[in-house]
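K.L.:
One structure follows; several queries about it will come next.
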Amino acid sequence: MTITTCPKGNHFHLFGKDVFERDNREELIEANDPNQALEIFILKLDANWEGAIEVKAHGKAKESNLALLDFWRTPLK
């Protein structure tokens, strides 16, 4: 999924790559800061989802650009 329309408000582009690359995700989240966007994204994930999450600012929403946050999520179980 590629997001082509961005809202005018404060938003971030998030890319989630599943450890097995079977459940990769791309999402645009409106939030006040990158940490809030990451928190919202994580809450939407299944409990057993594991992988890398990148939070990028508008205009840097390609996987080759430097992320504001680079996070690895490991399930608690």
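The values are calculated or read from the model by the stated rules, or taken from the named source; none is laboratory data. Quick caveat, the model's predicted, so the values are computed rather than measured. No Cβ is skipped: glycine too gets one built from the backbone with ideal geometry, and neighbour counts run over all protein chains shown. What goes into the accessible areas is simple: the full protein's heavy atoms, side chains included, and nothing from ligands, DNA or RNA. Shrake-Rupley method; radii C 1.70, N 1.55, O 1.52, S 1.80 Å.
K.L.:
What's the total number of residues in the range 1-55 that are farther than 12 Å from Phe71 by Cα, open to solvent by 70 Å² or more (accessible area, probe 1.4 Å) and of a type outside the set (D, E, K, R)?
P.N.:
Summing the residues that are farther than 12 Å from Phe71 by Cα, open to solvent by 70 Å² or more (accessible area, probe 1.4 Å) and of a type outside the set (D, E, K, R) in the range 1-55 gives 11.
K.L.:
Suppose we filter the range 13-32 for residues that are assigned to a loop (DSSP other than H, G, I, E, B), out of contact with any Lys or Arg (no Cβ under 8 Å at 6 or more places or on another chain) and either at pLDDT 95 or above or not basic (Lys, Arg) (or both); how many remain?
P.N.:
So the count comes out to 6.
K.L.:
Take the range 4-48 and flag every residue that is more than 13 Å from the chain's Cα centre (by Cα) and of a type outside the set (S, T, N, Q).
P.N.:
Cys6, Pro7, Lys8, Gly9, Val19, Phe20, Glu21, Arg22, Asp46, Ala47 - these are the residues of the range 4-48 that are more than 13 Å from the chain's Cα centre (by Cα) and of a type outside the set (S, T, N, Q).
K.L.:
A further question on this structure: Pairs please, first residue from the range 22-50 and among the basic types (Lys, Arg), second anywhere and in a strand (DSSP E or B) and open to solvent by less than 70 Å² (accessible area, probe 1.4 Å), Cβ atoms under 7 Å, 6+ apart in sequence or on different chains.
P.N.:
The qualifying pairs are Arg25/Gly16.
K.L.:
For the range 64-77, what are the residues that are open to solvent by 100 Å² or more (accessible area, probe 1.4 Å) and at pLDDT below 85?
P.N.:
Once the filter is applied, which keeps residues that are open to solvent by 100 Å² or more (accessible area, probe 1.4 Å) and at pLDDT below 85, the range 64-77 yields Ser64, Leu66, Leu76, Lys77.
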